[in-house]
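Taking it in order: structure first as structure tokens, then the write-up.
Derivation of every value follows stated rules applied to the coordinates shown; laboratory data play no part. Just so it is clear, the structure is predicted and the values come from calculations on it, not from any experiment. Positions of Cβ are backbone-derived with ideal geometry, glycine not excepted, and every protein chain shown enters the neighbour counts.
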Amino acid sequence: MKKALSLLLVSILVIGLLAGCAEKYSEDVSFRVGFVTDTGGIDDKSFNQGTWEGVQKYAEENKWKEGRQYKYIQSNEEADYIPNLSAFGDDNYNIVIAAGFLFGDSMTEVAPQYPDTNFTIIDMVVAQPNVASVVFAEEQGSFLVGVAAARATKTKKVGFIGGVDFDLIRKFHAGFAAGVHSVDPTIEVIDQYAGDFGNPGLGQQIASTMYDQGVDVIYHAAGGTGNGAINEAKGRRENGEDVWVIGVDKDQYEDGKMADGKSAVLTSMMKRVDVAAYNMIQAAKDGKFPGGEIIALTLADDGVGIPEENPNLDKAVVKEIEDYKKKIVAGEIKVPATMDELADFIK
Amino acid sequence: MIDFLRNEKNHKFVVPLLSVLFGFLAGAIIMIITGINPLEGYRALVKGVVGNPRKFGEWFVASSPLIFTGLSVAFGFRTGLFNIGAEGQLIVGSFAAVVVGIFVDVPAYIHLPLVLMSAAVAGALWGFVPGFLKAKYKVHEVVVTIMMNYSALHLINYAIKALPGSTKTRSVDILPSASLSSEFLSNITNHSRLHWGFLIAVLGAIVFWFIIERTTFGYELRSVGFNPTASEYAGMKVNRNIILSMMISGAFAGLAGAMISVGTFDYARVIASAEGYGFDGIAVALLGNNSGFAIIISGMLFGALKAGSSAMALASVPKEIGHIIMAFIVLFAAMNYGIKRFLARLGKEEK
């Protein structure tokens with residue numbers, strides 16, 4: 001027993017040594033990037049993961065090594081936000097990125113204590129001279145997937161699942177409903193808010209109820225909770241039902257893949273948080289960091305939109321979406337971002 | 001040395017110390033298996049707790065609610081009740097503190113005690129329900145408290161949103177006179193969130209010790225915990241004591257909530273799920289042997305693991321390692337009988 005154990009330990013050590021040999025990374029640590037997740041975690045298949053991918057992309061291009069030039073800290077609970085942001089500040093990181101409006105208060109508090117560190121917050125505006133705030137026109141992207149949903153539905157009923165009911169998610173909701181309405185005003189949009197971004201079980205249950213009510217396309221803006229909706233759609237499609245789900249934040253086509261290689265994800269409303277993270281790192285590196293500014297990413301900047309590849313959409317629908325996109329970019333259609341604006345829009 | 005370890009009188013503190021030691025050793029083994037140097041991991045943990053004044057302050061911030069939930073659970077244990085409901089009592093306590101903090105406008109020396117008292121009362125009321133159901137209808141408190149946790153979570157989330165000025169995620173800030181935070185403490189710890197709550201937690205431990213060990217009332221509560229039938233025969237009001245124990249236990253948890261809402265944050269937050277302070281409290285109580293002063297120490301230890309987790313993450317140690325260490329410590333603390341047996345046998349083989 002003892003022999004086996006020591007053998008195991010030795011072999012672990014040896015493997016560790018071998019793994020340590022390969023060295024192809026940059027040694028330069030004069031510029032370091034820190035990323036703090038919210039409570040959703042780094043692998044939420046959505047917001048945090050997307051932002052982190054942007055950091056990783058930049059790191060790969062510059063031969064950075066995780067743990068040396070770039071690093072992330074996960075937050076277990078809200079009380080961790082300030083310590084986690086400060087941890088990077090204490091360590092003199094050059095740029096610290098946090099995704100999510102939940103970081104608003106903590107960023108406002110932490111940023112002034114580290115005037116030499118550049119902070120970036122996504123989805124929220126923090127008025128501090130060393131914080132760049134990146135926001136998106138989610139309603140515009142949601143409008144486009146609304147068009148796709150309206151073209152895909154046969155039951156004339158589509159669904160929207162929101163994570164938590166607040167203004168940001170209402171932007172998705174309003175844009176989506178407006179998009180559906182523009183194609184066919186008789187289509188009914190059913191909505192439900194889960195109250196949680198991290199509960200796939202609940203998402204699946206809501207999706208199941210909606211499909212049972214005759215909804216055949218669901219758009220989710222619910223992070224991890226929405227993964228449950230994707231699962232439900234996948235299961236039903238595998239059983240021969242003609243239902244779809246629309247992904248959010250990232251291209252979620254892969255997440256909806258079924259046994260036959262096709263996907264239950266009709267299309268996705270992409271929010272290029274990765275681009276935002278990438279650009280901010282680049283700007284900080286070049287000494288052009290837009291501290292104190294608000295950067296708004298819209299359809300015109302390709303900050304939001306649908307994926308380039310949409311195997312589940314007809315060419316005609318893609319063409320129609322392109323036309324709507326042009327109209328929105330040109331300002332011919334003003335997409336509603338709140339429920340009040342949506343009510344006006346529908347009138 | 002061996003005699004010292006074998007002496008049962010010393011077991012009271014030797015056993016928890018060994019549990020902690022074993023917990024860290026087990027954590028080190030996990031780190032080695034996952035390819036992390038445990039020395040670096042633990043160095044990061046220590047640095048993350050005492051590395052600079054701010055981290056030192058954050059350590060106390062993380063510890064105060066844990067000490068209170070530890071006291072809450074321990075009070076239940078001492079009186080024969082298993083209060084899983086600290087989480088829910090904490091949530092209502094934190095909300096009550098914020099409500100009084102926002103709407104009552106009086107000078108700080110009245111306001112702050114009032115805020116804390118309302119948190120304790122709210123927690124006590126939330127503890128009253130399971131206590132009453134247990135005393136009156138013999139409904140097991142574990143079942144009721146678990147359900148009460150969910151009721152508290154969703155009810156309070158709703159109530160926070162209903163407060164004037166609240167957004168969908170938080171209430172407005174409390175009045176400065178209701179806040180436990182202190183410019184002075186924050187300044188000497190380099191802008192940490194250190195607040196007066198820590199002193200109150202120590203005070204709570206003293207109150208705990210006093211009630212349990214030094215009053216007839218506490219003696220009765222303990223006696224009911226040991227043997228309700230015998231206590232009743234001896235003329236004690238068993239039902240009343242069960243209800244009172246649950247209420248006091250709830251009051252401690254309610255104060256834990258005040259530590260968070262008027263200490264760490266200064267506003268009430270809508271949370272998606274329970275944050276685990278109540279469950280961590282079970283661990284704190286177990287390790288602290290359910291005694292007031294040891295709970296301060298075990299609360300500080302778990303607080304350190306919490307506060308140090310961001311520094312450990314910076315040293316590329318996953319936050320889960322911290323949880324695993326906590327779990328191991330609890331496991332070994334729960335195995336205290338085995339450790340005692342092991343200690344008693346020490347040295348015997350040599351003879």
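Any idea what the dipole of chain A comes to, in debye rounded to 20, about its Cα centre with Lys/Arg Cβ at +1 and Asp/Glu Cβ at -1? Before the final figure, lay out the partial values.
Details: 33 positive and 53 negative charges, 174 e Å.
The calculated dipole for chain A is roughly 840 debye.
Take every Cα pair under 8 Å in the stretch B:106-260 that's 6+ residues apart, average their separations, divide by the length, and report that relative contact order as a whole percent. Relative contact order, the stretch B:106-260: 43 percent.
Charge tally around residue B:177: other residues with Cβ under 15 Å, Lys/Arg +1 each, Asp/Glu -1 each, net -4.
Computed from point charges on the beta carbon alone (+1 for Lys and Arg, -1 for Asp and Glu), the dipole magnitude for the stretch A:242-347 about its Cα centre is near 200 Debye. Taken residue by residue and averaged, Cβ atoms of other chains lying within 10 Å of the Cβ of A:87-94 number 3.
Taking every residue in A:64-72, how many Cβ atoms of other protein chains lie within 10 Å of its Cβ, on average?
Working: counts 0, 0, 1, 3, 1, 0, 0, 4, 3.
Partner-chain Cβ atoms within 10 Å, mean over residues of A:64-72: 1.
Can you pull the mean other chain C-beta count within 10 Å for peptide B:263-276? Spell out each step's value before the answer.
On the way: counts 0, 3, 5, 1, 1, 0, 5, 3, 4, 12, 5, 1, 5, 2.
Neighbouring Cβ atoms belonging to other protein chains average 3 per residue here.
Hydrophobic long helices, here whole DSSP H runs in chain A with Kyte-Doolittle means of at least 1.0 and Cα atoms spread over 20 Å or more along the helix axis, are found at A:2-21. List the relative contact order of chain A as a percent without decimals, with contacts defined as Cα pairs under 8 Å and 6+ residues apart. RCO, chain A: 18 percent.
Length, then width, then depth: along the principal axes, the Cα atoms of the stretch A:178-220 run 32, 20, 11 Å.
Based on other C-beta atoms within 10 Å, arrange B:341, A:272, A:151, B:43 from fewest to most. Kindly include the intermediate steps, with their values, before the conclusion.
On the way: B:341 11, A:272 22, A:151 19, B:43 15.
By the 10 Å Cβ count, ascending, the order reads B:341, B:43, A:151, A:272.
Add +1 for every Lys or Arg and -1 for every Asp or Glu among the other residues with Cβ under 14 Å from the Cβ of residue A:163, and state the total. Can you show the working numbers first?
Values: positive: A:45, A:170, A:171, A:271, B:168; negative: A:38, A:44, A:123, A:138, A:165, A:167, A:191, A:196, A:249.
Within the 14 Å Cβ shell, the charges total -4.
Among the GluC sites (Glu not before Pro) within the stretch A:281-347, those in coil by DSSP and having at most 15 neighbouring Cβ atoms inside 10 Å are A:293, A:308, A:309, A:332. Report the one residue of A:56, A:34, A:295 whose Cα lies farthest in the direction of the positive end of the charge dipole of chain A (charges on C-beta: Lys and Arg +1, Asp and Glu -1; origin at the Cα centre). Farthest along the dipole direction, towards plus: A:56. Its relative contact order, with pairs defined as Cα atoms under 8 Å and 6+ residues apart, puts the stretch B:85-152 at 46 percent.
The residue list A:194, A:125, A:337 was ranked by how far each Cα lies along the charge dipole of chain A toward its positive end, using unit charges on Cβ atoms, and A:194 comes out on top.
Report the net charge of residues surrounding residue B:208, where surrounding means a beta-carbon distance below 15 angstrom and charges are Lys +1, Arg +1, Asp -1, Glu -1. Working shown, then result.
On the way: positive: B:78, B:214, B:222; negative: B:213.
Computed value for this residue: +2.
Which loop-located trypsin sites (Lys or Arg not before Pro) does the stretch B:66-160 contain, where loop means any DSSP state but H, G, I, E or B and the Cβ has at most 16 other Cβ atoms within 10 Å?
Working: sites: B:78, B:134, B:136, B:138; in loops: B:138.
Sparse-neighbourhood loop trypsin sites (Lys or Arg not before Pro): B:138.
Fewest-first ordering of A:225, B:69, A:209, B:215 by other beta carbons within 10 Å of each residue's beta carbon gives B:215, A:209, A:225, B:69. In a reduced charge model with +1 at each Lys and Arg Cβ and -1 at each Asp and Glu Cβ, the protein assembly as shown shows a dipole moment near 2680 debye about its Cα centre.
Here the sum of -39500 (n - 2.57) over DSSP H runs of 4 or more residues, divided by the residues of the protein assembly as shown, equals -19000 deg cm²/dmol at 222 nm, to the nearest 500.
Of A:275, A:259, A:240, which is farthest on the positive side of the dipole of the stretch A:239-292, counting Cα position, with +1 on Lys and Arg Cβ, -1 on Asp and Glu Cβ, and the Cα centre as origin? After comparing all options, I get A:275.
As a footprinting exposure proxy, order B:321, A:97 by other Cβ within 10 Å, with the fewest listed first. Present the calculation step by step, with values, prior to reporting the outcome.
Working: B:321 22, A:97 30.
The order, fewest Cβ neighbours first, is B:321, A:97.
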